[in-house]
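In what follows, a structure is listed as structure tokens, so that the remarks can point back to it.
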Amino acid sequence: MFEVYIHVPFCLRRCGYCDFNTYTATDLGAGASRGNYANMVIREMKLTKQWQLDHGIEEPPVSTVFFGGGTPTILAARDLVAMLDAVRKIWSIAPDAEITTEANPDTVNEYYINELAAGGFTRVSFGMQSAVPHVLKTLDRTHTPANVAAGVNAANKAGLRSSVDLIYGAPGESLDDWRTSVTTAIDLGVNHISTYALTVEPTTKMGRQIAAGTLPKPNDDDEAAKYEIADDLFAAAGLEWYEVSNWARPGYESQHNLGYWRNVDWAGLGPGAHSHYNAVTEADHPQSASLTAPAGGGCPADAGLGVVSVSHGLRSWDTAHPRLWGTAINENRVPWADSETITPEENLEELIMLGLRLHEGLDLDRINRAINDAGMSSTPQTLRTVSVDQLAPMISEGLITVSDNHRVVPTRRGRLLNDAVIEQFFDFVGV
């Protein structure tokens, strides 16, 4: 599978809890402005495609496209459609592809959503966050619950799937407030809901308020209780968890996010976006001997980045600041800040971390193959494996279950203690 992620770094205002790579200015220099942004991303697509060709990467038709941010819907709908059309022209898109944009409820209306539907979008993910006015105010959100309902209704009329995101653990949010938000989201009739525990970064407005004592710090026990409330209410409404933070009716799971958790290939476009490739061949070019990007960021489209071995994957990330990102594109360079090879051992770690977040579970047989691909056998003649018997303590602690086909699935307790589950599994594997 091959996916495309497009980051739109613009916002109307910066929420107090947000530390994403976003900006409120309309023009950030070097062509990275709201009005010209689609053109710049399309140019990056062409540079990325050339880099792929230089490195022997032949991807299948794109299975999912996801516009995230920031606020993608701060741009004109025609700009989002233009970028989607460019993906179709440059890589081709599978007939049943999932095409999603995130949306701030303040920035869309029926006409906007109809234009997205006509342009090939299939799904809209609304940033709802809460249904309680005082919680929205604490989070610095300007939309109202009525705006969310209007957006979902417009998406339904246009034949698009819709999802909503919720945040729990905001300062001052009671358990009853959270129940109100969850039940309101369910009552919207959406088939997919994501919930995320509030993470407070010290450099954000909220982080500074908490450090100053003007807002209380989120509480782990409170957040765990809210997770359990959501899980119970979603289950009663027919929404099943398929990833630690995501619930959906069967068949409505986010295919794009599942691709991330299944470790597929994806190209990330836009300032700060990350890309991931499972196997890359070194380009036959005199300038392609270095794995890392040249000083100043970016690499020539016809030179690319050398990769040590086809058995290694590659992770790269675009320059974060839009002006420097735009400068690299204007100089005909893939706008990467840097990149790194993914060693077999690192790949094993990622398979464990991602697999233990999923309801489909971690494939124990695949992990045992990855252990030996990483050269972690005790002797050349002895294959090292993780057995179901070794996992017995985690099973008895109620952290995981193991199916007959050797898939390790976290229980609800295991989801709440996901980091601890992953660490214990690392200990079994020896990474």
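The values are calculated or read from the model by the stated rules, or taken from the named source; none is laboratory data. Keep in mind it's a predicted model, so treat the numbers as computed, not measured. Using ideal geometry, Cβ is built from the backbone for each residue, glycine included, and neighbour counts are taken over all protein chains shown. Please note that ligands, DNA and RNA were not included when accessible areas were found on the heavy atoms of the full protein model with its side chains. Shrake-Rupley method; radii C 1.70, N 1.55, O 1.52, S 1.80 Å.
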Exactly one condition in (1) closer than 30 Å to VAL182 by Cβ; (2) touching a residue at least 24 places away in the same chain (Cβ under 8 Å) is not met by LYS137; state its number. (2)
Looking only at region 21-50, count how many residues are within 16 Å of SER275 (Cβ to Cβ) and modelled with pLDDT under 95. 1
Considering each residue of region 166-183, count those that are surrounded by fewer than 18 Cβ atoms within 10 Å (Cβ to Cβ) and of a type in the set (A, V, I, L, M, F, W, C), and give that number. 1
Looking only at residues that are over 16 Å from THR327 (Cα atoms) and either open to solvent by 40 Å² or more (accessible area, probe 1.4 Å) or hydroxyl-bearing (Ser, Thr, Tyr) (or both) in region 35-53, which one is nearest to the chain's Cα centre (by Cα)? LYS49
Need the failing condition index for ASP85 against (1) at pLDDT 95 or above; (2) surrounded by 17 or more Cβ atoms within 10 Å (Cβ to Cβ), just the number. (2)
I need the full set of residues from region 99-148 which are of a type in the set (Asp, Glu) and touching a Phe, Trp or Tyr at 6+ places or on another chain (Cβ under 8 Å), in order please. GLU102, ASP140
Kindly indicate whether any position in region 262-284 is touching a residue at least 12 places away in the same chain (Cβ under 8 Å) and assigned to a helix (DSSP H, G or I). no
Taking only region 349-376 into account, find how many residues are buried (at least 20 other Cβ atoms within 10 Å of the Cβ), modelled with pLDDT under 90 and not β-branched (Val, Ile, Thr). 1
Looking at ILE99, is it open to solvent by 30 Å² or more (accessible area, probe 1.4 Å), of a type in the set (Val, Ile, Thr), out of contact with any Pro (no Cβ under 6 Å at 6 or more places or on another chain) and closer than 21 Å to GLY259 by Cα? no
Given the conditions (1) open to solvent by 30 Å² or more (accessible area, probe 1.4 Å); (2) part of a strand (DSSP E or B), every one holds for GLY56 apart from (2)
Looking for something touching a helix residue (DSSP H, G or I) at 6+ places or on another chain (Cβ under 8 Å) and small (Gly, Ala, Ser) - is there at least one such residue anywhere in region 80-99? yes
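Residues checked against (1) over 30 Å from ILE329 (Cα atoms); (2) open to solvent by 30 Å² or more (accessible area, probe 1.4 Å); (3) at pLDDT below 95; (4) acidic (Asp, Glu):
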{"residue": "LYS217", "(1), (2), (3), (4)": "yes, yes, yes, no"}
{"residue": "GLU228", "(1), (2), (3), (4)": "yes, yes, no, yes"}
{"residue": "ALA236", "(1), (2), (3), (4)": "yes, yes, no, no"}
{"residue": "ALA267", "(1), (2), (3), (4)": "no, no, no, no"}
Options SER130, SER163: the member that is within 20 Å of the chain's Cα centre (by Cα) and either surrounded by 21 or more Cβ atoms within 10 Å (Cβ to Cβ) or at pLDDT 95 or above (or both): SER163
Residue among TYR37, TYR23, TYR17 that is under 22 Å from VAL124 (Cβ atoms), in contact (Cβ under 8 Å) with a residue 12 or more places away in the chain and not basic (Lys, Arg): TYR37
Suppose we filter region 187-206 for residues that are in contact (Cβ under 8 Å) with a residue 60 or more places away in the chain, part of a helix (DSSP H, G or I) and surrounded by fewer than 18 Cβ atoms within 10 Å (Cβ to Cβ); how many remain? 1
Scan (1) among the charged types (D, E, K, R); (2) in a helix (DSSP H, G or I); (3) touching a residue at least 12 places away in the same chain (Cβ under 8 Å); (4) open to solvent by 80 Å² or more (accessible area, probe 1.4 Å) for the single condition ASP221 breaks and write down its number. (3)
Name every residue in region 7-32 that is in contact with a Ser or Thr (Cβ under 9 Å, 6 or more places away or on another chain), part of a strand (DSSP E or B) and open to solvent by 20 Å² or more (accessible area, probe 1.4 Å), in order of residue number. ASP27
Filter region 377-421 for residues that are at pLDDT below 85 and either surrounded by 15 or more Cβ atoms within 10 Å (Cβ to Cβ) or in contact with a strand residue (DSSP E or B) (Cβ under 8 Å, 6 or more places away or on another chain) (or both) and give the result. ARG384, THR385, VAL386
Identify the single condition in (1) surrounded by fewer than 17 Cβ atoms within 10 Å (Cβ to Cβ); (2) in contact with a strand residue (DSSP E or B) (Cβ under 9 Å, 6 or more places away or on another chain) that LEU80 does not satisfy, given that it satisfies every other one. (1)
